[in-house]
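Structure record follows, encoded as structure tokens.
The numbers here are math on the coordinates, done by the rules we state, and not lab data. This structure is a prediction, so every number in the text was calculated from the model and none was measured. Virtual Cβ from ideal backbone geometry, glycine too; neighbours counted across all protein chains shown.
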Amino acid sequence: MLRSVRTKIVAAVAVVALVTLGLNAAVGVLLFKEQYTRAIQAQTLTVGRNLATQLRQLLALGIPVDELVGFDDQCRETVDAYDDVGYAMVVRPDGRVLFQDRGPAVLPSDAELRDGLAAGEETVVLVQDGSASHYDALVPVLGSDGETVAVVRIGVPVRAVTERVHALTRTSVITAIGSLGLGLVVLAVVIGRLVVRRLGRLDGAMRAIAGGRDLGATPPVPVDSHDEIGTIALAFNRMIEGLDQSRREVERYTNELEHRVLERTRELSTTNETLERDIERRRKSEAALLQARRDAVAASEAKSRFLANMSHEIRTPMNGVLGMAQLLSQTVSDPEQRGWVEVIDNSGRALLSLIDDILDFSKVEAGKMTLALIPFDLGATFREVGRLLAPKAAEKGVRLIVDYGPDVPRQIVGDPGRVRQILINLLGNALKFTEHGHVLLAAECLARSDGRVTLAIRVRDTGVGIPASALPRLFETFSQATDDTARKYGGTGLGLAITRHLVELMGGSIRVESTPGEGTAFHIQLELDVAAGSERDGGRRFDGQSALLVEANATERAVLARHLRDAGLAPEPADSVCSALAAVDGGKAFDFTLLAADLPGLDATTLTRLATAHPDGTRSTVVVLGRDPSGPDSRLSDTSVPLRFIARPFVARDLLDTMTLSPERDARDHLGSVRASSGVTPSLRGRVLVAEDVVMNQKVATAILRRLGLEVDLAEDGRQAVERWRGGQYDLVLMDCHMPEMDGYEATRRIRATEAASGAATRIPIVALTANAMPEDRAHCIQCGMDDFVAKPFSREALSKVLSRWLGPPSTDATPTAAVG
Amino acid sequence: MKQRDRHLPITLVGIALASTLATTAVADPTGRSLRVLHVMSYHAGWEWNRDQLAGFKEAMGDLAVEYRVLEMDTKRDGSEANKVRSGNEARQLVDAWKPDLVYTNDDNAQLYFAKDYVGAATPFVFSGVNAEPGTYGYTGRDNVTGVLEQEHGLQTVRLLRQIVPDLRRIAIIVDSGATWPGVVERLRASLAGEADIEIAAVDTIHTFAEYKERVLGYQGKVDAIGILGVFSYTDASGARVPYEEVLRWTAENSTLPDFSFWGDRVELGTLCAVRVSGLAQGRAAGEMARAILADGRAPSSIPIAPTVKGEPMVSLARARKLGLAIPSGILLNAKVVKGFRWDS
């Protein structure tokens, strides 16, 4: 109830009105009391005067006071005309009472009379008459001679005022409450009609709409006035009208939408049916495709297996072919026959390379290419690749330059075999298409942080170049720049495709730039982990020392000068002997003199002169940069100056190491290198067990091993090999992997198991000899307990190099290589 | 009216026209002052006439009125010739001056002047008329209305009763005038409700001697005497005795309280009377005139009626002579005549 607007307004008005009326009544009563008191006093006096006047009038008629008849009645009648008169009396001066009325009023005392008579004036005083108080008026009546003939005394009780005040208060309160109540009722009715009823209509309309009544069926709220509520009602009606219109719009849209949905549903049903038919067809098609894929995968796997088998099967006889060809080349003395043997050897190696590419490509295609992640020396890989291809470069008269600066990390984590493969592919490719000039293999450290390094590897040649139109598909499978290229240079077109795949597998990228007639550059960018503990190769410093660098090839001279500067040296580049001599003759002294071995005009005398030109007599340390791994040619052998020799290509670290070799070591190396250059074949010592099931390979291996100075025993399978090992004293086992009865892996495991069981202190080296040339094959071999790996077909050098690691020193003092590194 | 007739002087009475221009500020609706012709039966110095005119003017209030007064002076000259002549004068004045209303006093003015205008266009208002309106043909006529002068018999008896509480039996004395039977009859009618008052006798007296005898005869027989008709007594010689002498003899020789209805009787020793008020008569007539002139009412729509409130008068000298104490209330509310006229 209290929440009603009407109640609130009525309550508020009631409170305000009550307060106002209350205050008004209080003030009114107070004023009334004051004025009524005055009025009563005045009335008291008036009554007194009236009686006095009447008495005077009667006396004026000449009637003696004592003879007045009916004066009492006249006075009573007069007094009766006034309310509230408590008492009235007319008293003669001698105290006789002419008239007395209303109650036992105390007669005025003589003193009072005297006072009143003497004063001759009217007085009104408040007198206490017993328990009641009166306003008491004394009015003297003067005779014709001015003497006082009587005194009129009128008393009006104070109670009259009090009663009137009380009556007025009661009346005021009752009237106020009555009028307030009536007013509030009227107000409530008015508010009810003007506000509540109209708000109620609005509320009803809103509730009806909230309750879900149709907007269209909602009658408008009557607007019976243009006051605020009327305005609200008008706005409400407009809102409802707007809402109804919106609802109709929505309904129309909904109907339209439903219609459309129905249409679309029909269309969809049709489409669905079509789709279901299509899906059914596709399902069948997919099943067929799946089957086709399974077939294809199976075929691919079969192909891979076939290729692997083929590789193995081809390598095995090729091992025999190449091995025998090599043996022949060393035994045949007829130059023509030697040439034929060489053709056989080259053709066989080309065939092997082809097989390797096909095998790799097969793996790429089958998605089975995986990468090893092991720490390895990238510089060494650069050097090995360079040296591997150096003979071919030399053959074509092309300078092969390796630029591996001291700032490039040595040890990185990756797959060394695949890196090597990439480098060989690109470098081989470059050499193939370069007839003159140089081929540069360079590594550069682009960025290094937090154990990772971003490397740029470039292979740039001065070859024929590639037409721009051929560049986009250069890395595609079976792609060569032109058909002419294929005819002229041969190749399968798989090399670059495999290279790109390997680079991408390593997370890197490869691109090519080329200008026909000027050359081609391949750029590889790789981000690799640096092996833990590996530091920059710039540890060796030559701060404050100088070097005279004499090199005719400008590119190589610039590369070397940069390497020297990076190591703290101050290089003095010279492009010829004349220039070098001019520098020396000019009075310059160098701590080091680096001389290209193939410099025109370089002889022992010149060399001596360059090395000893120091004014204080100290010699310059001379390093000869040779092209032939066999050492400096005889032109320089007559000098007394100690020479240090380094075969090209080399990495910066190799050169810096050579520059700091001790003179003794240097001398021995020098002698060694001289010996090596004299064609003495190094030999090994020991007894080797060869486990090989193929007779031809047995013969090749036996022949090569024996020529290396080793004793050879044969086993035809793994079981026999294990037995022979148990029975004889061998220094090494060459273990073919694929053999009947028991393969090489099992045989190795058994040998290792036997060794472990017997508690033998020594462990026989087992070197795998297998036509499975892939890195994973090598890993498998190591896992089975083998120690090293020689891929078939193997050359005498390769076999000799591996065996020399495991067998004791050679029977002579000669070392297989004179070169350092 | 006989009392006034008695005073009509034989001498030629000039008609005095007194014109009094209204001095009131309020103009009448037509823009000119209203003309009222006042024709009084007596003269302007007579209190009765003076009071009536004063009451009339008082009632007219702030109306702008131009008055002309014609005194027939029939009290001082009661001759027929004077009455006829003054009536003619009045008619001439009406024709010449064309008043908007004519106000007349007392019966002579009706008889010799006003009754000739019954049915005329000019409205006539009268006061102080003793005769029945039909006497002059006023009953039911369009242009005449007015105030009748009817004596306050009951009030006078009641006044006397306050002075003489034991009043029971009263005797009435009249002369042979034509007026008195009607007066007596009205008195009887008005006292009908007063069960304890008895009119013991009504004597019509012709001579002064008879009067004296009858008055003295009533001493001790009745409680009071109503002395009404005293104008036509004759002495032994047949001469008319002035009514003042009759009344003086009464005051000096009668020990019975007496009463009458006219103020001059009290001055001549009659103990008390409730006289008709000249002012009241004039006021009532003025109100009628005002209703006609200012409010446009037709005279016929205003009933002819007497005034109801009289004026009590007592003679203190006579009361003393009779040994009566007049109650203080009467002394205070009535006109008190302290002495006898012949003493002043």
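Brief remarks follow.
- In segment A:353-440, trypsin sites (Lys or Arg not before Pro) in a DSSP loop with at most 16 other beta-carbon atoms within 10 Å: A:Lys368
- Calculated FRET efficiency, A:Leu234 to A:Arg282, Cβ-Cβ distance, R0 = 60 Å: about 0.40 to the nearest 0.05.
- Fraction of beta bridges assigned by DSSP in chain B that are antiparallel (%, nearest 5): 20 percent
- Within segment A:339-439: Cβ-based charge dipole about Cα centre, in debye rounded to nearest 20 (Lys, Arg +1; Asp, Glu -1): 100 debye
- 222 nm mean residue ellipticity, helices alone, for chain A (DSSP H n ≥ 4; -39,500 (n - 2.57); rounded to 500): -18000 deg cm²/dmol
- Scanning residues 5 or more positions from A:Val712 or on other chains, those with amide H under 5 Å from its amide H are A:Val688, with H placed 1.01 Å from N in the peptide plane.
- Segment A:414-478: GluC sites (Glu not before Pro) in DSSP loop, at most 15 other beta carbons within 10 Å: A:Glu435, A:Glu476
- Separation of the A:Asp575 and A:Glu518 label points, Cα + 7 Å toward Cβ, nm: 1.9 nm
- Note on the protein assembly as shown: dipole from Cβ charges, positive end direction compared against B:Phe261, A:Ala721, A:Thr612; the farthest Cα belongs to A:Ala721.
- Dipole magnitude of segment B:27-117 about its Cα centre (Cβ charges: Lys, Arg +1; Asp, Glu -1), debye to nearest 20: 200 debye
- Here the calculated FRET efficiency for A:Ala558 and A:Arg619, from their Cβ-Cβ distance with R0 = 25 Å, stands at 0.40, rounded to the nearest 0.05.
- Of all beta bridges that DSSP places with both ends in the protein assembly as shown, some 45 percent have antiparallel geometry.
- Shielding by partners - mean other protein chain Cβ count within 10 Å, residues of A:285-298: 0
- Net charge of the neighbourhood of A:Gly146, taken over other residues with C-beta under 15 Å away and scored Lys/Arg +1, Asp/Glu -1, is -2.
- Extension gain, A:Asp543 to A:Val332: 0.36 nm times the residue separation minus the Cα-Cα distance gives 70.5 nm.
- Estimated inter-spin distance, A:His436 and A:Leu202, nm [label 7 Å along Cα→Cβ]: 10.7 nm
- A dipole drawn for segment A:5-170 from +1 and -1 charges on Cβ atoms has a positive end, and of A:Gly70, A:Leu138, A:Leu30 the residue lying farthest that way is A:Leu30.
- Helix A:775-784 axis, angle to chain A major axis (alpha carbon atoms, nearest 10°): 90 degrees
- Using a Förster distance of 56 Å, the FRET efficiency for A:Thr20-B:Glu185 (Cβ separation, nearest 0.05): 0.20
- Counting only alpha carbon atoms, the long axis of helix A:197-210 and the longest principal axis of chain A meet at about 20°.
- If a spin label sat at a point 7 angstrom from the Cα of A:Ala39 along the line to its beta carbon, the backbone N atoms of segment A:159-173 nearer than 12 Å would be those of A:161, A:164-165, A:168.
- Compactness of segment A:5-170, expressed as Rg and Dmax over alpha-carbon positions, Å: 21.5, 80
- With θ taken as phi - 60° and the Karplus curve 6.51 cos²θ - 1.76 cosθ + 1.60 applied, the whole-hertz 3J(HN,Hα) list for segment B:329-344 is x, 5, 4, 7, 10, 9, 7, 9, 9, 6, x, 9, 4, 6, 7, 7 Hz, x standing for glycine and proline.
- Taking the square roots of five times each eigenvalue of the Cα gyration tensor of chain B, the equivalent ellipsoid has semi-axes of 38, 22, 18 Å, listed largest first.
- Straight-distance crosslink candidates among lysines, where the alpha carbon sits under 17 Å from B:Lys335 and sequence neighbours closer than 8 are dropped: B:Lys309
- Span-like helix ranges in chain B, DSSP H, alpha carbon extent 18 angstrom or more, Kyte mean at least 0.0: B:278-293
- Distance between the C-alpha centres of segment B:192-221 and segment B:233-302: 20 Å, rounded to the whole angstrom.
- Mean separation of Cα contacts under 8 Å (6+ apart) over length of chain A, as relative contact order %: 8 percent
- Modelled spin labels at A:Met696 and A:Gln291, positioned 7 Å past Cα toward Cβ, are 4.3 nm from each other.
- Based on DSSP H segments of at least four residues, each scored -39500 (n - 2.57), chain B has a per-residue ellipticity at 222 nm of -10500 deg cm²/dmol.
- Inter-centroid distance (Cα atoms) of segment B:110-131 relative to segment A:278-298, Å: 149 Å
- Magnitude of the charge dipole, segment A:369-529, Cβ model with Lys/Arg +1 and Asp/Glu -1, debye to 20: 320 debye
- Annotation: segment A:369-529 has a Kirkwood hydrodynamic radius of 16.0 angstrom, from the mean reciprocal C-alpha pair distance.
- Segment B:29-83 and segment A:348-394: distance between their alpha carbon centers, rounded to Å: 167 Å
- Angle of helix A:744-758 to the longest C-alpha principal axis of chain A, folded into 0 to 90 degrees and rounded to 10: 90°.
- Using the average count of surrounding beta-carbon atoms within 10 Å as a protection proxy, the listed peptides A:711-719, B:282-290, A:254-262 rank, highest first, as B:282-290, A:711-719, A:254-262.
- For chain A, the number of Lys pairs separated by eight or more positions or lying on different chains, with C-alpha atoms closer than 14 Å, is 6.
- In summary, the convex hull built on the alpha carbon positions of chain A has an orientation-averaged projected area of 91.5 nm².
- Counts of other chain beta carbons within 10 angstrom of each beta carbon in peptide B:322-331 average 6.
- Positive contributions from Lys and Arg (+1) and negative ones from Asp and Glu (-1), summed over other residues with Cβ under 12 Å from the Cβ of A:Leu290, come out at +3.
- Summing charges over neighbours of A:Ala747, with a neighbour being any other residue whose Cβ is under 13 Å away from its Cβ, gives -4 when K and R count +1 and D and E count -1.
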